[in-house]
1. What are the residues whose amide H is under 5 Å from the amide H of Leu45, where those residues sit 5 or more places off or on another chain and H is modelled from the backbone?
2. Sorting Arg92, Arg138, Arg370 on the 10 Å Cβ count, fewest up front, what's the list?
3. Please arrange Phe182, Phe236 by counting, for each residue, the other beta carbons lying within 10 Å of its beta carbon, fewest first.
4. Pairs Lys220/Lys310; Lys85/Lys140; Lys220/Lys377; Lys335/Lys377: which exceed 22 Å Cα-Cα?
5. Between region 127-183 and region 334-378, how far is it from one alpha carbon centroid to the other, in angstrom?
6. For all pairs of alpha-carbon atoms in region 332-377, what percent lies in each bin of width 5 Å, listed from the first bin to the last filled one?
7. In nm, to one decimal, how far is the modelled label at Asn248 from the one at Phe350, with both set 7 Å along Cα→Cβ?
8. Based on the Cβ-Cβ distance from Leu47 to Arg312, what FRET efficiency comes out when R0 is 51 Å, to the nearest 0.05?
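Values quoted throughout were computed directly from the atomic coordinates according to the rules given, and no laboratory measurement underlies them. Computed from a predicted structure; not experimentally measured. Heads up, the Cβs are rebuilt from the backbone with ideal geometry, glycines too, and the neighbour counts pull from every protein chain shown.
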Amino acid sequence: MKKTLLHTNSRFSRFAKTMAATAVVGLGVNFSASAQWVVYEANVLPLAFTESPFKVASDNAATYTAASTQPVVSPQFEIIADPAKAGNNLMRFQVLGVSSSISPVPSATTPTSANQAYLFRQDFNATTKPTAATVVVRAKGLPGADRAFELDLDFAGFRETVYIINPTTNATTGQPNTTGTFTFNVARNNTAAAPEQGSTLNNAPLNINPLDWHVYRFTKEGNTVKMYIDESNTPFATGVSASTSTSNYYRIGDGSSNVTVAMELDYIVWDPSGAFSPSQKALPTSLLVLSSKGEVVKKNGLSVYPNPSKGRFSITHPSSRANASVEVYSVSGVKVVSFAAEKGNNQSDFDASSLPNGIYTVVYSDGTERVTSRIIKN
C-alpha cells in the first residue's frame with residue numbers, strides 16, 4: 001500500500017512524475033502522436049518532480065492585527081488513496097486561511113489578509129518558449145471552499161487566469177445550487193476587443209457541479225484561451241486576453257488572498273507544443289480506465305466500427321466467456337453504458353445515440369482478460 005504523505009507548511013519535497021505517451025490512431029480524426037504529454041498522477045507531492053520540477057509561487061501568509069487570536073489554517077497538501085479506483089492516488093489541496101471554528105470573526109481579531117495564497121508553478125522551456133500549449137486537469141472541488149482551483153496561463157506574451165468556482169447557496173430557496181460558475185479573470189475586462197466577454201466570462205454558469213469529478217482542458221494560443229469540459233470537442237468558453245506578460249509558465253492552486261480553495265486532484269497533464277482540442281490530441285488511455293487491481297489495461301485491444309459514429313457501434317472482441325461484460329466510460333471516469341456480452345460471441349453492439357458527443361473508452365472484460373478501445377460519438 002502506498003504511504004500517505006502530509007504537508008502543512010510552505011516548504012516540502014517528495015514529488016514524482018509519470019511520463020505517458022500514447023499514440024492514438026485509427027479513429028478517423030487527427031490525433032497528434034508526435035508530441036508527448038507530460039503527466040502528473042498525484043502519486044506523491046509536487047516539488048521533487050525531477051523530470052520537470054514544479055516550483056512554489058504566491059506563498060502569501062495570512063496577516064493579523066496585533067490583537068489577533070484567530071487561528072490560521074496553513075495550506076495543506078496530502079496524497080490520499082482514491083476510494084473509487086484501487087491503486088490510484090489523489091492529491092488533496094486546501095488553502096483555507098482562517099479557521100472556521102470562530103464565526104463570525106470578532107472585530108478585535110480581524111485579519112488584514114484573511115486567506116493565504118499558494119500556487120504550484122510549472123515553468124516551460126526558457127529557450128524554446130511555447131507560443132501555444134494545452135493543460136488538462138481532472139479534479140473536484142471540496143465543500144466549504146469558495147473555489148475548486150485557479151489556473152494561471154502566463155506565456156506566449158499574454159496572461160489569463162481561470163477560476164473554477166464552487167456552487168453557492170440559492171438566495172431564494174436557501175439550498176445549495178447544483179452548478180458552479182467560472183471566470184476568465186483577464187478576458188472579462190477586454191470588452192474593447194470582444195464586448196460580450198464582460199458578461200459571458202465573469203462568474204458565468206458552468207453547467208456542471210465542480211464538487212463532482214470533471215476533466216477541464218485549457219488551451220492557449222497567443223492571447224486566445226479556450227476551456228473544454230469533460231473532453232467535449234466544442235469549447236465551453238473562449239476568451240481573448242489583453243494583459244501582456246513576459247512570463248513563461250502555468251500555475252495551479254490558489255492565487256487569491258480573499259477566497260478559499262480546496263480540491264482533490266487526480267492528474268494534471270500538459271503539452272507545450274500546441275493548443276490541442278480533444279479531437280486533435282487525446283489524453284493517454286492510462287488516465288481514463290484502470291483495472292480493478294489498479295494496473296493499466298491493455299490498449300487498442302478491440303475493433304470498433306464505425307468509429308466515429310453518431311449512434312450505433314459494433315465491437316469485435318475475444319470470444320466471450322461466462323460473465324463477460326462491456327462497459328463504456330466517459331473521460332471523467334463515469335460509467336455510462338454497461339451490458340453482458342453473450343457467451344461464445346465475439347461481437348457486441350450498442351447504441352450510443354443518447355450519449356453526449358465526445359470521446360469514450362470501451363472496456364471488454366471476461367475475468368481473465370481486459371481490453372479497451374477509444375471511440376468517438378459525434
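1. Ala16
2. Arranged by neighbour count, lowest to highest, Arg92, Arg138, Arg370 become Arg92, Arg370, Arg138.
3. Least to most surrounded, the residues fall as Phe236, Phe182.
4. Lys220/Lys310; Lys220/Lys377
5. Taking the Cα centre of each part, region 127-183 and region 334-378 sit 32 Å apart.
6. Going out from 0 Å in 5 Å bins, region 332-377 shows 5, 15, 31, 26, 15, 7, 1 percent.
7. 4.6
8. Approximately 0.55, to the nearest 0.05.
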